[in-house]
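K.L.:
Pasting a structure here, questions to come.
The values are calculated or read from the model by the stated rules, or taken from the named source; none is laboratory data. Quick caveat, the model's predicted, so the values are computed rather than measured. All Cβ positions, even for glycine, are placed from backbone atoms using ideal geometry, and neighbour counts span all protein chains on display. Areas reflect the complete protein model, heavy atoms only, side chains present, ligands, DNA and RNA absent. Shrake-Rupley method; radii C 1.70, N 1.55, O 1.52, S 1.80 Å.
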Amino acid sequence: MHIPDGFIDVPTSAAFVGLSAIGVGAALKGARTQLDDKTAPLAGLTAVFIFAVQMLNFPVVAGTSGHLIGAALAAVLVGPWAATLALTVVLLMQAFLFADGGLTALGLSVFNMSIISVWVGYAVFLLIKKILPKNKSSVAIAASIAAAISVPAAAFGFWIQYVIGATGTFSDSAVFTSMIGIHVLIGIGEAIITGLTVTAVLASRSDLVFGWKNNQKVLEIKNV
Amino acid sequence: MGERLYLHRHSIVHETASYLKVVAAIAFILVAVSTPITNWQAFIGYFIWVLVVAAIAKIPFTLLFKRALIEIPFIFFAILMPFFGSGERFVAGPFNLYREGLIAGAGIVVKGTLGVLTAIILSTSTTAREILRGLERLRLPALMVQIASFMLRYVNVVNDEMERMKVARDSRGFEATGLKHWRVLATAAGALFIRSYERGERVHLSMLSRGYEGVLPHDEVEKSKASSWFMVLTYPFVAVVILLATTLIGN
């Protein structure tokens with residue numbers, strides 16, 4: 001469920017296309033320095049993973065269920081650069097192939113989810129990781145707090161766009177309370193799933209987790 | 001994925017170059033969203049025109065309608081608008097509605113629907129690979145195109161992998177009913193990540209062994225003739241004509 005065409009006016013949408021292009025351009029550069037020629041296959045498969053995992057339903061209560069959004073999860077698992085690229089590609093494909101999210105609203109969605117959500121999530125992750133002791137469960141806890149905040153952060157991005165260029169008549173404050181309120185709740189779910197998923201990956205292939213990499217002990221070579 | 005959405009037919013819409021179609025679709029949506037909703041005659045014209053193009057592209061209306069259901073969540077949002085708002089009120093049957101909210105809500109539904117229908121015509125008449133090639137010609141960075149083509153190539157493989165994991169869970173009597181089952185599902189998500197990532201590494205190695213140096217081999221791009229530009233731009237152009245005609249009549 002993304003922003004449709006005509007929900008935010010054209011000048012605002014166009015401005016956010018520009019902002020998103022700058023952000024994604026920076027991510028392209030960053031990913032190249034981090035992953036080199038591995039960028040395309042790894043970010044591509046991360047995009048596939050995000051796309052697939054969004055179809056995994058987590059039952060909540062009485063027949064309702066939710067799914068992961070995955071911005072913070074991707075940032076912790078593969079690093080923020082590749083995460084931005086993967087989420088952008090997922091949004092592009094959703095809009096062009098599934099008509100999910102308006103084509104003229106793509107700049108808005110990309111800005112909220114692949115830039116704000118990923119980077120706010122990653123910043124929170126780094127911050128919490130610094131405070132906590134250096135072990136695997138701290139990484140999972142930090143990832144889960146990052147996820148909890150990344151979701152309302154995206155909603156906040158939407159709110160800014162709504163304030164600048166709304167075509168609707170809800171008052172700005174009503175949209176703020178309802179959007180942030182709902183997304184804080186969604187964020188709690190996202191936090192639990194992200195924490196559990198990161199724990200699962202850390203248990204078997206901790207070397208793949210970008211957010212854990214700097215903690216690995218380098219093997220010493222001793223001359224005996 | 002893209003193959004399941006694409007509907008193979010022979011029509012003038014199918015045969016047009018994909019980048020032209022992308023340009024035409026975005027231009028049409030821009031015209032539609034820039035039209036004030038109070039000019040309702042124009043929107044009737046737009047809807048008729050979209051359906052005419054769908055008919056030319058030989059897309060069954062039932063398919064069009066079924067795939068348009070994706071926008072339902074936002075329709076709910078728009079439906080609430082006449083009930084919560086401010087300003088002038090009026091009574092319609094049992095409801096006491098806000099006039100401005102009603103107009104804005106209708107605008108969101110109508111414009112959103114036009115956008116959705118246009119995107120559906122695009123993805124039903126164009127294969128995913130062609131859309132990607134079209135975006136490449138419209139200067140989407142090469143690396144983004146590569147990432148997206150990896151996504152298209154492996155999405156079915158990874159989905160099948162997820163399906164197999166579900167079968168494995170089901171055959172062990174697992175049924176997800178509530179919060180207590182989240183750990184199992186999240187572990188599955190983690191396993192899916194590891195499998196996707198490892199596949200990415202294998203794909204990268206196999207690319208290297210075939211001489212990959214950061215760029216994919218490229219086909220020659222053929223230039224589109226002026227006539228096909230002209231033809232595809234009738235899509236937004238007719239919308240502009242409708243807009244101008246209704247504005248003049250309205251005055």
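K.L.:
Name the shape class, rounded, prolate or oblate, that the alpha-carbon gyration tensor gives for region B:106-159, where a ≥ b ≥ c are the square roots of its eigenvalues, rounded holds for a/c under 1.5, and otherwise prolate holds if a/b is larger than b/c and oblate otherwise. Can you show the working numbers first?
P.N.:
Numbers: a/c = 2.45, a/b = 1.75, b/c = 1.40.
Taking the square roots of the gyration eigenvalues as a ≥ b ≥ c, region B:106-159 is prolate.
K.L.:
Between A:86, A:27, A:143, which gets the highest mean-square fluctuation from a Gaussian network model of chain A, Cα cutoff 10 Å?
P.N.:
Comparing A:86, A:27, A:143 in a Gaussian network model of chain A, the most mobile one is A:27.
K.L.:
Would you calculate the separation in nanometres between label points at residue A:54 and residue B:139, each defined as 7 Å from the Cα along the Cα-to-beta-carbon direction?
P.N.:
Each label point is offset 7 Å from its Cα along the Cβ direction, giving 2.7 nm.
K.L.:
Further question on the same structure: Tell me, what % of the accessible area of region A:10-215 is carbon and sulfur with a 1.4 angstrom probe?
P.N.:
Numbers: 5170 of 7230 Å².
Result for region A:10-215: 71 percent of the exposed heavy-atom area is carbon or sulfur.
K.L.:
If you don't mind, there's one more thing I want to ask. Using a cut-off of 9 Å between beta-carbons, work out the net charge of the residues near residue B:188 (Lys and Arg +1, Asp and Glu -1, residue B:188 not included).
P.N.:
In short, +2.
K.L.:
Placing one identical point scatterer on every Cα of chain B and ignoring solvent, what is log10 I(q)/I(0) from the Debye formula at q = 0.12 Å⁻¹?
P.N.:
Reported log10 I(q)/I(0), two decimals: -0.95.
K.L.:
Let me ask something else. If the only charges are +1 at each Lys and Arg Cβ and -1 at each Asp and Glu Cβ, what is the size of the charge dipole of chain A around the Cα centre, to the nearest 20 debye? Before the final figure, lay out each step's value.
P.N.:
Working: 11 positive and 9 negative charges, 203 e Å.
In debye, rounded to 20, chain A gives about 980.
K.L.:
Given 25 °C and 0.890 mPa s, how large is the Stokes-Einstein diffusion coefficient of the protein assembly as shown in µm²/s, with Rh as the Kirkwood radius over Cα pairs? If you can, show how the numbers build up before the last one.
P.N.:
On the way: Rh = 23.7 Å.
It diffuses with D of about 104 µm²/s by this estimate.
K.L.:
Here's a follow-up. Out of A:188, A:42, A:6, whose Cα points farthest toward the positive end of the dipole of the protein assembly as shown (charges: +1 Lys, Arg; -1 Asp, Glu; placed on Cβ)?
P.N.:
So the residue we want is A:42.
K.L.:
Just check region B:108-216 against the gyration tensor rule for me: Cα atoms, a ≥ b ≥ c as the square roots of the eigenvalues, rounded for a/c under 1.5, and otherwise prolate or oblate depending on whether a/b exceeds b/c. All intermediate terms of the calculation are to be shown ahead of the outcome.
P.N.:
Values: a/c = 2.84, a/b = 1.23, b/c = 2.31.
In terms of gyration-tensor shape, oblate.
K.L.:
How many nm is it between the label spots at residue A:137 and residue A:21, if each spot is 7 Å from the Cα in line with the beta carbon?
P.N.:
4.9 nm
K.L.:
Just which residues of region A:5-41 lose 40 Å² or more accessible area with every protein chain there, against their chain alone, with the probe set to 1.4 Å?
P.N.:
A:5, A:6, A:7, A:10, A:28, A:37, A:38, A:40, A:41
K.L.:
Springs between alpha-carbon atoms under 10 Å, Gaussian network over chain B: tell me which of B:187, B:16, B:35 tops the mean-square fluctuations.
P.N.:
B:187
K.L.:
Now for a different question. Counting heavy atoms of the protein chains only and a 1.4 Å probe, report the per residue accessible area for region B:141-209 as a whole number of Å².
P.N.:
Using a 1.4 Å probe on heavy atoms only, each residue of region B:141-209 averages 48 Å².
K.L.:
From the cross-link list B:21/B:66; B:21/B:166; B:21/B:111; A:29/A:213; A:29/A:130; B:58/B:225, which pairs have alpha carbons spaced over 28 Å apart?
P.N.:
Working: B:21/B:66 22 Å; B:21/B:166 39 Å; B:21/B:111 19 Å; A:29/A:213 21 Å; A:29/A:130 26 Å; B:58/B:225 24 Å.
The pairs that break the limit, which is 28 Å between Cα atoms, are B:21/B:166.
K.L.:
Can I ask one more? Fully extended, how many nm does the chain gain between residue A:29 and residue A:9 (0.36 nm per residue separation, minus their Cα-Cα distance)? Spell out each step's value before the answer.
P.N.:
Working: separation 20, 0.36 × 20 = 7.20 nm, distance 3.06 nm.
Between residue A:29 and residue A:9, full extension yields an extra 4.1 nm.
K.L.:
Let me ask another. Given the -39500 (n - 2.57) contribution per DSSP H run of 4+ residues, what per-residue ellipticity at 222 nm results for chain A, rounded to the nearest 500 deg cm²/dmol?
P.N.:
Numbers: 8 runs with 150 residues, N = 224.
Value at 222 nm, helices only: -23000 deg cm²/dmol.
K.L.:
Probe of 1.4 angstrom, ligands and nucleic acids ignored: what's the accessible area per residue over chain A, in square angstrom?
P.N.:
On the way: 8850 Å² over 224 residues.
Normalised by residue count, the accessible surface of chain A is 39 Å².
K.L.:
Moving on to the next point. What percentage of the solvent-accessible surface of region B:77-211, computed with a 1.4 Å probe over protein heavy atoms, is contributed by carbon and sulfur atoms?
P.N.:
Details: 3710 of 6430 Å².
Whole-percent figure for carbon plus sulfur exposure: 58.
K.L.:
Would you kindly derive the ³J(HN,Hα) couplings of region B:111-120 from the backbone phi angles with the Karplus curve 6.51 cos²θ - 1.76 cosθ + 1.60 (θ = phi - 60°), listing them in order in whole Hz, with x for Gly and Pro?
P.N.:
Once θ is set to phi - 60°, the couplings for region B:111-120 become 5, x, 5, 4, x, 4, 4, 4, 5, 5 Hz.
K.L.:
Please give the helix A:10-35 orientation as an angle from the longest Cα principal axis of chain A, in degrees from 0 to 90, rounded to the nearest 10.
P.N.:
10 degrees
K.L.:
Given the options B:32, B:68, B:176, which has the most mean-square fluctuation in a GNM of chain B, springs set between C-alpha atoms less than 10 angstrom apart?
P.N.:
B:176
K.L.:
Taking each pair of different alpha-carbon atoms in region A:10-215 once, compute 1/r for the pair, average those values, and report the inverse of that mean as the Kirkwood hydrodynamic radius in Å to one decimal.
P.N.:
Details: mean 1/r = 0.0577 Å⁻¹.
Here the Kirkwood hydrodynamic radius works out to 17.3 Å.
K.L.:
Given R₀ = 35 Å, what would the calculated FRET efficiency be for residue B:168 paired with residue A:219, taking r from the Cβ atoms and rounding to 0.05?
P.N.:
On the way: r = 36 Å, r/R0 = 1.02.
Step by step, r from the Cβ atoms, then E = 0.45.
K.L.:
Provide the net charge surrounding residue B:170, with neighbours chosen by a C-beta distance below 14 Å and charges set as Lys +1, Arg +1, Asp -1, Glu -1. All intermediate terms of the calculation are to be shown ahead of the outcome.
P.N.:
Numbers: positive: B:164, B:166, B:169, B:172; negative: B:163, B:175.
The answer is +2.
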